[in-house]
Amino acid sequence: MSIESSVAVNHPDQPFAELSPDVVLDAAERLGLECDGRLFALNSYENRVYQVGSLPLGMHVLKFYRPGRWSDAQIIEEHTFTQELAQAELPVAAPLVFDGQTLLWHQGLRYAVFPRMSARAVELDARGSLELIGRTLGRIHAIGARSRFACRPALSIERLGWSARETLLDSALLDDSLLEKYAEVSEALLEAVETALKRIGPLSQIRLHGDCHLGNILWNEQGPVFVDLDDCMSGPRIQDLWMFLSGSPEDRRSQWAELVLGYRQFHEIDDFEKELIEPLRTLRMVHHAAWIAARWGDPAFPRAFPWFSSPRFWQEHLSDLWQQLTEIS
């Protein structure tokens with residue numbers, strides 16, 4: 001029986017139930033990291049991530065992967081991509097190597113060890129921040145375009161849209177009184193996305209960070225530091241750019257101009273790719289709700305998203321989906 005299936009059978013909804021502080025410290029010490037007792041849980045829902053103090057090596061980050069989500073090959077491909085970026089002196093958190101391996105096992109769970117990145121939260125309003133982010137993403141994409149993923153998934157409407165929709169329709173969290181309305185608007189919305197994607201034409205497929213939001217970026221003296229490539233994928237370049245655009249249309253135009261000013265110093269992108277922003281936003285909205293629903297049995301999710309099971313949230317979510325339909329149609 002595989003590591004993933006043995007955990008899933010015992011704890012189908014709570015795969016980290018046995019991940020106690022002692023287990024985390026044991027996982028670090030078996031690698032030769034002499035722990036000093038400092039142990040801090042970091043914000044993470046899909047996986048479990050801990051900051052561990054080690055003498056005389058300072059702080060390390062241990063990331064335990066959710067069983068069954070990615071195959072070993074997919075995780076190793078993520079690690080390889082991250083190491084490729086780090087070797088090019090890009091500011092990313094790359095996994096450390098132990099006995100030639102980055103993907104490690106302890107008590108039925110897979111994990112990796114990362115250096116602690118000394119950085120602070122991003123301040124997008126600071127002068128030049130978006131240009132620096134664009135410049136760094138341009139460098140990342142220039143390397144991402146050199147080769148292709150063999151195992152990691154591609155951004156697709158089937159994976160992030162239709163499959164996510166089915167997950168939510170099968171969930172008990174959606175009130176029966178709203179089920180038909182959700183089925184109607186989500187179907188119309190995803191059909192509109194399909195039409196928009198066909199109109200735009202074939203999408204570029206390069207290796208991407210994949211989940212490039214502010215929570216996955218830190219800031220140090222040199223600029224942005226990109227962390228957590230757990231959702232790296234193949235897809236269009238704009239996927240790693242559009243989440244930095246917000247506010248009024250005028251604000252977004254200004255932000256886009258600053259981003260691409262930096263980005264185009266290292267990689268190419270056409271303005272027509274902005275037409276993908278609303279379709280991609282739609283897929284993220286549908287997929288994010290389905291992701292929470294699929295993980296609801298994990299105690300971390302009701303604690304982190306207590307509003308998710310309330311009728312008010314679903315009414316507002318439906319309203320947002322209808323509004324998004326007008327944006328795309």
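Would you mind stating whether ARG127 is of a type in the set (Lys, Arg), over 18 Å from the mean Cα position of the chain (by Cα), within 18 Å of THR82 (Cα to Cα) and in a loop (DSSP other than H, G, I, E, B)? Taking the combined requirement at face value, the residue does not satisfy it.
Residue by residue through region 60-88, note down the ones that are hydrophobic (A, V, I, L, M, F, W, C) and in contact with a Phe, Trp or Tyr (Cβ under 9 Å, 6 or more places away or on another chain).
VAL61, LEU62, PHE64, ILE75, PHE81, LEU85
Just wondering, is there one or more residues in region 180-194 that are β-branched (Val, Ile, Thr), more than 30 Å from ASP125 (Cα to Cα) and crowded, with 21+ Cβ neighbours inside 10 Å? Yes; the residues of region 180-194 include at least one that is β-branched (Val, Ile, Thr), more than 30 Å from ASP125 (Cα to Cα) and crowded, with 21+ Cβ neighbours inside 10 Å. Taking each residue of region 191-214 that is closer than 13 Å to ILE328 by Cβ and looking for partners that are part of a loop (DSSP other than H, G, I, E, B) with beta-carbon atoms closer than 8 Å, six or more apart or interchain, yields ALA192/SER329; LEU197/LEU203.
For (1) more than 15 Å from the chain's Cα centre (by Cα); (2) closer than 22 Å to PRO202 by Cβ; (3) at pLDDT below 95; (4) among the β-branched types (Val, Ile, Thr), each residue gets a yes or a no:
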| position | (1), (2), (3), (4) |
| --- | --- |
| GLN239 | no, yes, no, no |
| SER246 | yes, no, yes, no |
| TRP256 | yes, no, no, no |
| PHE266 | yes, no, no, no |
| GLU273 | yes, yes, yes, no |
| PRO279 | yes, yes, no, no |
| ALA289 | no, no, no, no |
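If you go through region 215-267 and keep only what is exposed (fewer than 13 other Cβ atoms within 10 Å of the Cβ) and touching a Pro at 6+ places or on another chain (Cβ under 8 Å), you end up with ASN220, GLN222.
Candidates in region 148-195 are the residues that are of a type in the set (Lys, Arg) and within 20 Å of TRP322 (Cβ to Cβ); of these, the one that is farthest from the chain's Cα centre (by Cα) is LYS181.
In this entry, PHE64 passes the filter for residues that are touching a residue at least 12 places away in the same chain (Cβ under 8 Å) and surrounded by 18 or more Cβ atoms within 10 Å (Cβ to Cβ). Restricting attention to region 87-124, the residues that are farther than 14 Å from VAL225 by Cα and part of a strand (DSSP E or B) add up to 10. Taking first residues from region 237-248 that are under 15 Å from GLY215 (Cα atoms) and partners that are of a type in the set (Ser, Thr, Tyr) and surrounded by 19 or more Cβ atoms within 10 Å (Cβ to Cβ), the Cβ contacts under 9 Å between residues at least 6 apart in sequence or on separate chains come to LEU241/TYR263.
Quick check on region 42-49. Is at least one of its residues at pLDDT 95 or above, aromatic (Phe, Trp, Tyr) and assigned by TED's automatic domain parsing to the domain that holds GLN101? Within region 42-49 (the criterion being at pLDDT 95 or above, aromatic (Phe, Trp, Tyr) and assigned by TED's automatic domain parsing to the domain that holds GLN101), the answer is no, since none of the residues qualifies.
The set of residues in region 85-96 being at pLDDT 95 or above and either assigned by TED's automatic domain parsing to the domain that holds MET233 or in contact with a Gly (Cβ under 9 Å, 6 or more places away or on another chain) (or both) consists of LEU85 alone. Could you tell me whether region 105-120 includes any residue that is β-branched (Val, Ile, Thr) and free of Cβ contacts under 8 Å to residues at least 60 places away in the same chain? Checking region 105-120: not a single residue is β-branched (Val, Ile, Thr) and free of Cβ contacts under 8 Å to residues at least 60 places away in the same chain.
A single member of ILE217, ILE133 is within 22 Å of MET243 (Cβ to Cβ), β-branched (Val, Ile, Thr), modelled with pLDDT of 95 or more and assigned by TED's automatic domain parsing to the domain that holds HIS288, and it is ILE133. Number of residues in region 71-86 that are under 13 Å from ASP228 (Cβ atoms) and in a loop (DSSP other than H, G, I, E, B) equals 0.
Is it true that VAL23 is of a type in the set (Val, Ile, Thr) and either over 25 Å from ASP240 (Cα atoms) or in the same structural domain as CYS151 (by TED's automatic domain parsing) (or both)? For VAL23, the condition - of a type in the set (Val, Ile, Thr) and either over 25 Å from ASP240 (Cα atoms) or in the same structural domain as CYS151 (by TED's automatic domain parsing) (or both) - is met.
The values are calculated or read from the model by the stated rules, or taken from the named source; none is laboratory data. All figures in this text were calculated on a predicted structure; none of them were measured in a lab. Cβ: placed from backbone, ideal geometry, glycine included. Neighbour counts: every protein chain shown.
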